[in-house]
Amino acid sequence: MPLPNALGPFASLIAAFYVLIQKIIVLVFKPRPPRNESPQYRGRIAVVGAGLSGISSAAHSIAHGFDVVIFEANDKIGGIWANVNSTSGLQLNSLLYRFHPAVVWSRGFPFRDEILKEISRIWKEYGLESKTRFNTPVTVVQRVDPSSLETDPDTDPWKNGHARWTINDGREGVFDAIIVTVGTCGAPKWVNFKGLPDGFVESKRAKTSHTGEAGITNDREKSSDSDEDSHSEKRTEIHRTDAEGEAFTGPILHSSELDSPEASQVQGKTVVIVGSGASGVEAAETALERGAKQCVMIARDDKWIIPRNMFIDVLIAMQPFGREMPLSFIWESFLRKWQYRGVEDLVPAHRGLFEGTPVVNDNFLSHVRSEACRYIRGDTRRLTSNGVLVNTRTRTSRPEDKGEEKVIPADVVVLATGFERPSTDFLPRDLFPEGYSQPDLYLQNFSTEDWSVLLTNSSYINAIGTVGHFHIGIYTRILLVLLLDAGARPTPKDMKLWVDLVRYLKRGAKGGALTFFTYMELTIWLVLFHIVRPDRLPWLPFVLFGWGVLPKSAK
């Protein structure tokens, strides 16, 4: 855990204490990995996607006596982390990114390689290698005809039953439940701006058309793709001329490609970054680290940037209402004076802190203060032969308001335009009736038509919290409880009532009741799952802490 030199002799002591805390967590909460014995499984669960959420969900399931099969469209585990830049790391402190109780981090903000190492370690420790089907995109999930089952289970969710499922052609057998962990970031999103080289977007999309965790689109494509160099050599030969001018003649990269050999071209150059989200901020940092002379960020809309401070981030995430409230100005004023000092013009004028996912970063605003990075608010009109034409605007303006059009000179253009959202179209459409599709699901992750379909980290839109923490295990164990205890199961009516109640309590929230939440709000949902149904209280230690429900040995 890297610490400031000012800590001197205390640095090693603090680092040791940091590891000790994690060791205690492992001792108290880590579920026992399966032993070398013939288990008697309590049921079978299909996990779609071998990313961080999928591996964690599968490890929790098998540790409590359920057989699992993981379907992964690629040839490796890791999901989004297997395909990002090597410089990518956690935005939040790793104590808030314990995707499984067995994880032990070496530092507060680990980078990609350490994260992948921990994912792989959990995968191996829980014996999931033989349970993983690589290069197997999921194209269809189907209900099993009850008459074809050997037993006669109740498959009607309205009668405390649940459907049984098959994946693709059914060769892997029948499953009692499905956990979809395709995430929210798929293939790089290539926006077809005017002024891009002719055929550029089509060729990029073709290169990133490999199927991903959901069998539709892959999490970020490898940025070290060998075709990058040959493609860049031809760019000056294929740029087009239209009525408004020539295409941009310099290198054009997606923010996910800053590990590619082509990214070395940023050294000593002016890099214009189109996009101001987390990937844009990371792109600016990476380009400057690689020797860029200056970065210029084109921000269509301002985003809140909060510090990488665990104490402050936890306090912000503890707001229990999951929406902008009258007292939200206190946090916003604090950030304006502390985080944004000297660059107050970057504070969002029309977006509250609790109305969208903030960017967590310590360095970007310092780069703006030092003028290593310029921040220009405006709408990207097109690329020109030597830069980007932007409709520049003032802080109080909104996207597409009238401004002043200027060409921002660029040697290199980086498109930080985000990522496509992976599709879940392989699931039956009737699982998501009108008004109850993502993110308007039971506990925001279960289909309201059948709780045996769980979409962990695959249905949310915006949040303040973390995708890689204890909720992965809690959601998995809720599913296991519902499989084990028919009396604890909700009917479709119950689940829709929950969604409707949240909508009522959060009526007037910008974007909708469930399009934004905080981690405290999520925790309240999970606790109330037991309190509103006292018959579920005996399961509370298991659901919240993972205590109990050990694998059964075959007789």
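Observations on the model:
- Reported count of residues in the range 406-423, each being in contact (Cβ under 8 Å) with a residue 60 or more places away in the chain and open to solvent by 40 Å² or more (accessible area, probe 1.4 Å), is 4.
- GLY280 meets all of the listed conditions (1) open to solvent by 10 Å² or more (accessible area, probe 1.4 Å); (2) touching a strand residue (DSSP E or B) at 6+ places or on another chain (Cβ under 9 Å); (3) not in a loop (DSSP other than H, G, I, E, B) but one, namely (1).
- None of ASP176, ASP156, ASP152 is open to solvent by 30 Å² or more (accessible area, probe 1.4 Å) and either out of contact with any His (no Cβ under 9 Å at 6 or more places or on another chain) or modelled with pLDDT under 85 (or both) except ASP152.
- Unmet requirement for PHE17, which otherwise passes all of (1) touching a residue at least 60 places away in the same chain (Cβ under 8 Å); (2) over 26 Å from the mean Cα position of the chain (by Cα): (1)
- Some residue of the range 476-499 being closer than 30 Å to GLY89 by Cβ and either within 28 Å of the chain's Cα centre (by Cα) or open to solvent by 50 Å² or more (accessible area, probe 1.4 Å) (or both): yes
- Output for the range 454-499, where each listed residue is of a type in the set (Gly, Ala, Ser) and in a loop (DSSP other than H, G, I, E, B): SER458, SER459, GLY465, GLY468
- Of all residues in the range 329-374, those that are among the polar types (S, T, N, Q) and modelled with pLDDT under 95 total 3.
- Tabulated pairs, the range 440-465, first among the acidic types (Asp, Glu), second not in a loop (DSSP other than H, G, I, E, B), C-beta under 7 angstrom, 6+ apart or interchain: ASP440/VAL499; GLU449/PRO157; GLU449/ASP430; GLU449/LEU431; GLU449/PRO492; ASP450/PRO157; ASP450/LEU431
- Test result for ASP229, modelled with pLDDT under 90 and part of a loop (DSSP other than H, G, I, E, B): no
- Residues in the range 500-552 that are within 30 Å of ARG35 (Cβ to Cβ), open to solvent by 60 Å² or more (accessible area, probe 1.4 Å) and touching a residue at least 40 places away in the same chain (Cβ under 8 Å): PHE545, LEU550, LYS552.
- Restricting attention to the range 13-31 and to residues that are more than 25 Å from GLY548 (Cα to Cα) and open to solvent by 90 Å² or more (accessible area, probe 1.4 Å), the residue that is modelled with the lowest pLDDT turns out to be LEU13.
- Listed by position, the strands (runs of 3 or more DSSP E) inside the range 54-167 whose residues that are farther than 26 Å from ALA488 by Cα and free of Cβ contacts under 8 Å to residues at least 60 places away in the same chain number at least 1 form an empty set.
- Pick from the range 180-199, criterion open to solvent by 10 Å² or more (accessible area, probe 1.4 Å) and of a type in the set (Val, Ile, Thr), ranking: modelled with the highest pLDDT: VAL191
- Selection status of LEU441, under 30 Å from MET310 (Cα atoms), crowded, with 20+ Cβ neighbours inside 10 Å and touching a helix residue (DSSP H, G or I) at 6+ places or on another chain (Cβ under 6 Å): no
- Any hit, the range 74-88, residues being under 19 Å from the mean Cα position of the chain (by Cα), β-branched (Val, Ile, Thr), at pLDDT below 95 and crowded, with 21+ Cβ neighbours inside 10 Å: yes
The values are calculated or read from the model by the stated rules, or taken from the named source; none is laboratory data. Quantities reported herein were computed from a predicted structural model and do not represent experimental measurements. Don't worry about glycine lacking a Cβ; one is built from the backbone with ideal geometry, like all the others, and counts go over all protein chains shown. In case anyone asks, the SASA skips ligands and DNA or RNA and just uses the protein heavy atoms, side chains included. Shrake-Rupley method; radii C 1.70, N 1.55, O 1.52, S 1.80 Å.
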